[in-house]
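Okay, so here's the structure we're looking at.
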Amino acid sequence: MKVTIFGTGYVGLVTGACLAEMGNHVVCVDIDAGKVERLRNGEIPIYEPGLEPIVKRNHASGQLDFTIEPAPAIAHGQVVFIAVGTPPDEDGSADLKYVLGVARTIGAHMDRYTVVVNKSTVPVGTADRVREAIASELAKRGVSVEFDVVSNPEFLKEGDAVEDCLRPDRIIIGSSSDRAIGVLRKLYAPFNRNHDRTVVMDERSAELTKYAANAMLATKISFMNEIANIAERVGADVELVRQGIGSDPRIGYHFIYPGAGYGGSCFPKDVQALERTARGVGYDARLLGAVESVNHDQKTKLFELISRHFDGQLAGKTIALWGLAFKPNTDDMREASSRNLMEALWAAGAKVRAFDPEARHETHRIYGDRGDLVLCEGAYQALDGADVLAIVTEWKAFRSPDFVRIRSLLAEPAVFDGRNLYDPAAVEEAGLAYYGIGRGRSL
Ligand code: UGA
């Protein structure tokens with residue numbers, strides 16, 4: 001099929017590459033000419049395992065192209081995806097200016113039946129607004145062209161994006177048009193080989209499904225962080241509690257890892273946006289507010305532990321940081337807990353020596369050159385001249401370090417394990433003080 005995708009961010013680029021991989025002819029449109037040029041030269045703007053080869057291969061074979069020209073791209077696509085950003089505006093609601101801008105562009109150029117698909121995470125009711133925006137542009141042109149707007153949210157995880165896209169758990173098609181549903185069923189047929197993963201529903205339910213999924217996952221995390229905060233006050237180890245409850249299949253082991261708080265471009269934004277949506281229709285979503293507020297506090301947790309260790313005297317101290325990205329296998333620093341920690345340490349007069357396998361450039365792009373931040377090329381290099389070590393992101397490379405070597409490099413032998421990666425006894429055996437999240441002895 002011929003497919004057009006507006007937006008070459010995470011969702012747009014991965015979706016475009018995967019649809020091309022399945023044999024479709026895909027044109028990706030972006031307003032950033034530099035980015036389009038780099039993509040055409042095979043440069044991938046994000047670190048995402050497995051993405052580069054499929055982008056390069058499909059671009060070379062002509063299945064995938066990039067352009068800044070909307071008109072020919074709209075003429076190309078039988079299906080046109082909207083996968084542009086929905087950043088939070090001042091009050092936390094999703095800002096739809098990019099989505100509606102693309103909708104107007106589609107209306108301004110479309111001249112045959114087109115299925116317009118909302119792939120961006122958008123508030124309930126956006127399909128209607130996209131439909132109106134397209135219709136009003138068509139009316140301005142005085143033409144009558146049939147089209148359908150479908151809500152087809154994306155559920156990919158950064159770091160596993162290609163895999164999630166090629167082998168989705170479910171494909172949500174939100175539409176009441178049989179014609180559009182038929183087109184999308186055909187497009188997604190190759191993703192459905194072994195069993196049909198398609199769930200068809202109305203647009204609004206599809207839009208809410210996306211928020212409900214992210215809000216449920218964020219709730220699990222905040223719930224577990226809350227249990228961790230109770231555990232450390234009552235002298236229990238939340239890691240044992242986690243294993244104890246995860247064994248119940250109704251609860252499950254996924255997304256119950258306590259830590260330094262959730263980050264990324266989705267959970268913080270989507271929980272807030274859903275709360276605002278609820279408020280907008282007269283419902284006070286108390287649980288969502290609590291999920292957000294627990295996470296907000298959790299992001300200061302590591303700083304509090306470090307500060308307490310030094311009796312609040314952080315000026316002149318150097319903290320080694322392992323992990324900067326909001327989670328492993330990405331270079332994404334959006335809402336990363338490392339940022340809260342570094343900024344609090346700097347405000348208290350401490351210095352940071354940080355290592356992350358992928359996010360060093362992104363960190364430098366955000367913070368620039370500054371005297372209180374050294375971005376190191378290796379994990380142990382970050383320990384050189386540092387007082388203590390804090391782990392913020394659970395990259396595999398940090399899972400079984402040489403504690404004796406850590407002990408020999410640190411001036412103050414203490415490890416602040418923001419992701420509960422280590423066995424406290426093993427750390428202490430090497431002569432290091434251990435601080436974890438919700439592990440009895442942290443307070
Ligand atoms: C999330 C969802 O998992 C995807 O299903 C969804 O499609 C995506 O948002 C989106 O809306 O686009 P992502 O933001 O890439 O994906 O990252 P996650 O793997 O969900 O992690 C989010 C945060 O939660 C990370 O900071 C992670 O460290 C934290 N987390 C995760 C925990 O603190 N504990 C856990 O048990 C799991």
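The values are calculated or read from the model by the stated rules, or taken from the named source; none is laboratory data. Nothing here was measured: the structure is a model prediction, and the numbers come from that model. Cβ placement follows ideal geometry from the backbone for every residue including glycine, while neighbour counts extend to all protein chains displayed.
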Cβ-Cβ under 7 Å pairs, at least 6 apart or on other chains, region 8-25 side in the same structural domain as Leu166 (by TED's automatic domain parsing) and at pLDDT below 95, far side of a type in the set (Val, Ile, Thr) and part of a loop (DSSP other than H, G, I, E, B):
Tyr10/Ile46
Return a yes/no flag: does region 316-331 have any residue that is within 16 Å of the ligand (Cβ to nearest atom), in a loop (DSSP other than H, G, I, E, B) and in contact with a strand residue (DSSP E or B) (Cβ under 8 Å, 6 or more places away or on another chain).
yes
For Pro401: the one exception among (1) more than 25 Å from Tyr262 (Cα to Cα); (2) of a type outside the set (Gly, Ala, Ser); (3) modelled with pLDDT of 95 or more; (4) surrounded by fewer than 21 Cβ atoms within 10 Å (Cβ to Cβ):
(1)
Search region 150-164 for residues that are closer than 14 Å to Pro123 by Cα and pair each with any residue that is within 8 Å of the ligand (Cβ to nearest atom) and part of a loop (DSSP other than H, G, I, E, B) when their beta-carbon atoms are under 9 Å apart and the residues are at least 6 apart or on different chains.
Pro153/Thr121; Glu154/Thr121
When you go through (1) modelled with pLDDT of 95 or more; (2) surrounded by 23 or more Cβ atoms within 10 Å (Cβ to Cβ) one by one for Glu48, which number turns out not to apply?
(1)
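If we keep just the residues of region 12-26 that are surrounded by 23 or more Cβ atoms within 10 Å (Cβ to Cβ) and not small (Gly, Ala, Ser), which is farthest from the ligand (Cβ to nearest atom)? Give the derivation first.
Step one: of region 12-26, the residues surrounded by 23 or more Cβ atoms within 10 Å (Cβ to Cβ) are 12-20, 26.
When the remaining residues are screened for being not small (Gly, Ala, Ser), the result is 13-15, 18-19, 26.
Details: Leu13: 13, Val14: 10, Thr15: 11, Cys18: 14, Leu19: 17, Val26: 20 Å.
Ranking the candidates gives Val26 first.
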Scan region 422-435 and tell me whether some residue there is out of contact with any helix residue (DSSP H, G or I) (no Cβ under 7 Å at 6 or more places or on another chain), within 16 Å of the ligand (Cβ to nearest atom) and in the same structural domain as Ala320 (by TED's automatic domain parsing).
no
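Restricting to region 24-48, name every residue that is assigned to a loop (DSSP other than H, G, I, E, B) and within 20 Å of Pro72 (Cα to Cα). Full working, then the answer.
First, the residues of region 24-48 that are assigned to a loop (DSSP other than H, G, I, E, B): 24, 30-32, 41-48.
Answer for region 24-48, where residues must be assigned to a loop (DSSP other than H, G, I, E, B) and within 20 Å of Pro72 (Cα to Cα): Asn24, Asp30, Ile31, Asp32.
Could you please let me know if Leu64 is closer than 29 Å to Phe267 by Cβ and touching a residue at least 12 places away in the same chain (Cβ under 8 Å)?
no
Matching residues to (1) within 27 Å of Val352 (Cα to Cα); (2) touching a strand residue (DSSP E or B) at 6+ places or on another chain (Cβ under 8 Å):
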{"residue": "Lys210", "(1), (2)": "no, yes"}
{"residue": "His254", "(1), (2)": "no, no"}
{"residue": "Leu274", "(1), (2)": "no, no"}
{"residue": "Lys299", "(1), (2)": "yes, no"}
Just a yes or no: is a residue in region 359-380 within 27 Å of Gly440 (Cα to Cα), at pLDDT 95 or above and not in a loop (DSSP other than H, G, I, E, B)?
no
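So that you can scan it fast, the table gives a plain yes or no per residue for (1) within 24 Å of the chain's Cα centre (by Cα); (2) within 12 Å of the ligand (Cβ to nearest atom):
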{"site": "Leu208", "(1), (2)": "yes, no"}
{"site": "Leu217", "(1), (2)": "yes, yes"}
{"site": "Lys220", "(1), (2)": "yes, yes"}
{"site": "Met224", "(1), (2)": "yes, yes"}
{"site": "Ala231", "(1), (2)": "no, no"}
{"site": "Ala236", "(1), (2)": "no, no"}
{"site": "Gln243", "(1), (2)": "no, no"}
{"site": "Ala260", "(1), (2)": "yes, yes"}
{"site": "Gly263", "(1), (2)": "yes, yes"}
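Residue under question is Leu274, and the condition is that it be buried (at least 23 other Cβ atoms within 10 Å of the Cβ) and either within 14 Å of Ala344 (Cβ to Cβ) or in contact (Cβ under 8 Å) with a residue 60 or more places away in the chain (or both); does it hold?
On the way: buried (at least 23 other Cβ atoms within 10 Å of the Cβ): yes; either within 14 Å of Ala344 (Cβ to Cβ) or in contact (Cβ under 8 Å) with a residue 60 or more places away in the chain (or both): yes.
So Leu274 fits the description; yes.
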If you check every pair at least six apart or on different chains, which have Cβ atoms under 7 Å apart with a residue in region 207-230 that is within 23 Å of Val117 (Cβ to Cβ) and assigned to a helix (DSSP H, G or I) first and a residue that is within 8 Å of the ligand (Cβ to nearest atom) and among the hydroxyl-bearing types (Ser, Thr, Tyr) second?
Lys210/Thr121
Only one residue in Ser93, Ser176 is among the hydroxyl-bearing types (Ser, Thr, Tyr) and either loosely packed, with under 15 Cβ neighbours inside 10 Å or without any contact (Cβ under 8 Å) to a residue 40 or more places away in the chain (or both). Which one?
Ser176
Complete set of residues in region 332-355 that are among the small types (Gly, Ala, Ser) and more than 9 Å from the ligand (Cβ to nearest atom):
Ser338, Ala344, Ala347, Ala348, Gly349, Ala350, Ala354
